[in-house]
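Colleague: Next up is a structure, given as structure tokens.
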Amino acid sequence: MKVIGICGSPRKGNIEWMLTKLLEGVAKSGVETELILLRELSIKGCDGCLSCEMGGAERKGRCRIQDDMQIIYPKLLEADAWALGTPVYFELLSGMLKNFMDRTCPIWPKLEGKPVVGLAVAEEGIGKAIENLMTYASLCDMPWVGQVTALAKTPKQASKDKELEKRLEKLANKLVNVLKAR
Ligand SMILES: Cc1cc2nc3c(=O)[nH]c(=O)nc-3n(C[C@H](O)[C@H](O)[C@H](O)COP(=O)(O)O)c2cc1C
């Protein structure tokens, strides 16, 4: 079994730390994990061609844009569960994570049934960021397992919060239990 984390922050900051802790918790149960840092990849915006949905047999389910998304499509499909992490930008998910989501257009029908958890961090208020992640999960028919949110501004702030670490471990255990019950 494998859980994949997707980090939607352009900096090495709070959400990256939160995803790392969550995945460490998952790994304690012997489940394989991998963290994908979108900031380290070159991922262009969806160009809206829709050939992944409407193209012929050789185009359907594929993206014609040749960039790092091609490396991660197989990993996303292979993973048994996902952990989505976003910093809160203008009370919504980050553009980096939304860009990633748009580029899952070729594979979203194949994501059905993969459990997903969501993490979000903001300076003052989470706004609609978790709702954004839940909307994506719902459209992809990915069962929502739970979320952890935190308040932090500077990059290392969240990592000093012991109570947050416990909440992340709890969510990790919940996700593992969901996976093992399947
Ligand atoms: C462009 C931008 C917009 C932001 N908008 C909000 C916001 O609407 N509400 C809020 O509480 N914090 C907001 N923040 C603060 C970040 O959510 C906060 O610094 C968070 O810790 C960043 O997470 P990271 O360290 O994982 O990148 C914003 C930061 C940036 C750069």
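Colleague: Can you go through TRP82, TRP108 and tell me which one is within 17 Å of VAL3 (Cβ to Cβ), of a type in the set (Phe, Trp, Tyr) and modelled with pLDDT of 95 or more?
Modeller: TRP82
Colleague: Which of the residues that make up region 81-134 are within 11 Å of the ligand (Cβ to nearest atom) and of a type in the set (Phe, Trp, Tyr)?
Modeller: TYR89, PHE90
Colleague: Something else now. Yes or no: VAL117 closer than 25 Å to GLY30 by Cα, in a helix (DSSP H, G or I), aliphatic (A, V, I, L, M) and in contact with a strand residue (DSSP E or B) (Cβ under 6 Å, 6 or more places away or on another chain)?
Modeller: no
Colleague: Another question about this same structure. Which members of region 116-171 meet the condition of being crowded, with 17+ Cβ neighbours inside 10 Å, touching an Asp or Glu at 6+ places or on another chain (Cβ under 8 Å) and not aliphatic (A, V, I, L, M)?
Modeller: Correct list: CYS140 only.
Colleague: Can you give me the number of residues within region 5-24 that are within 13 Å of the ligand (Cβ to nearest atom), more than 17 Å from LEU93 (Cα to Cα) and either touching a Gly at 6+ places or on another chain (Cβ under 6 Å) or among the basic types (Lys, Arg) (or both)?
Modeller: Count: 1.
Colleague: How many residues does region 144-171 contain that are more than 15 Å from ILE15 (Cβ to Cβ) and of a type outside the set (D, E, K, R)?
Modeller: Qualifying residue count for the region: 3.
Colleague: Same structure again: I'm told LYS21 meets every condition in (1) in contact with a Leu (Cβ under 9 Å, 6 or more places away or on another chain); (2) assigned to a loop (DSSP other than H, G, I, E, B); (3) among the basic types (Lys, Arg) except one. Can you identify the failing condition by its number?
Modeller: So the condition that LYS21 fails would be (2).
Colleague: Scan region 136-159 for residues that are in a helix (DSSP H, G or I), more than 11 Å from the ligand (Cβ to nearest atom) and over 13 Å from the mean Cα position of the chain (by Cα) and report the count. Spell out the reasoning first.
Modeller: Taking region 136-159 as the starting set, the residues that turn out to be in a helix (DSSP H, G or I) are 136-139, 158-159.
If we keep only those that are more than 11 Å from the ligand (Cβ to nearest atom) as well, we get 136-139.
Pick out the ones that are also over 13 Å from the mean Cα position of the chain (by Cα) and you get 138-139.
Selection size over region 136-159: 2.
Colleague: Tally the residues that are in a helix (DSSP H, G or I) and more than 18 Å from LEU93 (Cα to Cα), restricting the search to region 25-46.
Modeller: 4
The values are calculated or read from the model by the stated rules, or taken from the named source; none is laboratory data. Because the structure is predicted, anything quoted here is derived from the model rather than measured. Here Cβ is always computed from backbone atoms with ideal geometry, including for glycine, and neighbour counts include all displayed protein chains.
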